[in-house]
């Protein structure tokens, strides 16, 4: 059973059927799923959420300075973090948003020891604003924050993808799911788990990754209580 985990969520998980923006109902459903799975486990939970439902620098920022486009995307992750915080607190789960880009009126600045203290007190901590620098994805932010707070694992949540496959299961009906891999195998086989910077950092530091379907009933709860779900990637 894990003591502390980092859950990486996609921004699209907040958008509902439209694939864009923030749906209050969908966000509330996600919050209930996460807090319901967490309740009573004693596991300390930190979250990093993407911003692709609001802004993608490579797509929306065409013609812009790339750094500016990335900063806009980082602000989008803060909006998602605030929406998820509101929905989680509506379920009774104490939650804090901490941002790498300081904005004191809406969130706490990211301070490693303060984040760890929140976790020790049973609060879910949502990290927004990326890592404060452009040119890094939220995958890399998730890995960096997981290492900083001493998380046991990075849980890469997917929708309707229950692990890592040898090819894209949405395109190849004969794709085979791989239950266990090493970091090096993922790199050598060029499997799309997370971006290369994040994966290399996990490999260098020996940080395990679990890729799983968040929306398959009971999956997150089983993971938090120590069961094997999805694909485990470790050294």
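The values are calculated or read from the model by the stated rules, or taken from the named source; none is laboratory data. Just so it is clear, the structure is predicted and the values come from calculations on it, not from any experiment. As a convention, Cβ positions derive from the backbone with ideal geometry for all residues, glycine included, and neighbour counts pool all protein chains shown.
A few notes on this one:
- Test result for residue 46, in a helix (DSSP H, G or I), touching a helix residue (DSSP H, G or I) at 6+ places or on another chain (Cβ under 7 Å), under 23 Å from residue 159 (Cα atoms) and in contact (Cβ under 8 Å) with a residue 24 or more places away in the chain: no
- Any chance residue 3 is surrounded by fewer than 19 Cβ atoms within 10 Å (Cβ to Cβ), in contact (Cβ under 8 Å) with a residue 12 or more places away in the chain and either in contact with a helix residue (DSSP H, G or I) (Cβ under 7 Å, 6 or more places away or on another chain) or within 18 Å of residue 224 (Cα to Cα) (or both): yes
- Among the residues of the stretch 181-235, those that are part of a loop (DSSP other than H, G, I, E, B) and over 15 Å from residue 153 (Cα atoms) comprise 189, 190, 191, 192, 195, 214, 215, 216, 217, 218.
- Contact map, the stretch 81-96: residues that are on the phi < 0 side of the Ramachandran plot and without any contact (Cβ under 8 Å) to a residue 40 or more places away in the chain paired with residues that are surrounded by fewer than 20 Cβ atoms within 10 Å (Cβ to Cβ) and not in a helix (DSSP H, G or I), Cβ distance under 7 Å, separation 6+ or inter-chain. Pairs shown: 94/122; 94/123; 95/123; 96/108; 96/123.
- Inclusion of residue 228 among residues that are more than 27 Å from residue 130 (Cα to Cα), touching a helix residue (DSSP H, G or I) at 6+ places or on another chain (Cβ under 9 Å) and at pLDDT below 95 is warranted.
- Of all the residues in the stretch 6-20, those that are surrounded by 12 or more Cβ atoms within 10 Å (Cβ to Cβ) and part of a loop (DSSP other than H, G, I, E, B) number 3.
- Qualifying residues in the stretch 104-131 (those that are assigned to a loop (DSSP other than H, G, I, E, B) and in contact (Cβ under 8 Å) with a residue 40 or more places away in the chain) - the one surrounded by the fewest Cβ atoms within 10 Å (Cβ to Cβ): 122
- For the criterion of being at pLDDT 95 or above, over 16 Å from the mean Cα position of the chain (by Cα) and either buried (at least 24 other Cβ atoms within 10 Å of the Cβ) or at positive phi (or both), residue 36 fails.
- Residue in the stretch 34-42 that is in a loop (DSSP other than H, G, I, E, B) and in contact with a helix residue (DSSP H, G or I) (Cβ under 8 Å, 6 or more places away or on another chain) present: yes
- Test: residue in the stretch 88-102 that is modelled with pLDDT under 95, closer than 21 Å to residue 144 by Cβ, touching a strand residue (DSSP E or B) at 6+ places or on another chain (Cβ under 9 Å) and surrounded by fewer than 18 Cβ atoms within 10 Å (Cβ to Cβ): yes
- Residue match in the stretch 180-188 (condition: exposed (fewer than 13 other Cβ atoms within 10 Å of the Cβ), in contact with a strand residue (DSSP E or B) (Cβ under 6 Å, 6 or more places away or on another chain), in contact (Cβ under 8 Å) with a residue 40 or more places away in the chain and more than 25 Å from residue 116 (Cβ to Cβ)): yes
- Complete set of residues in the stretch 140-176 that are closer than 17 Å to residue 193 by Cα and in contact with a helix residue (DSSP H, G or I) (Cβ under 6 Å, 6 or more places away or on another chain): 140, 143, 154
- Whether a residue is more than 19 Å from the chain's Cα centre (by Cα) and not in a helix (DSSP H, G or I) was assessed, and residue 98 does not pass this test.
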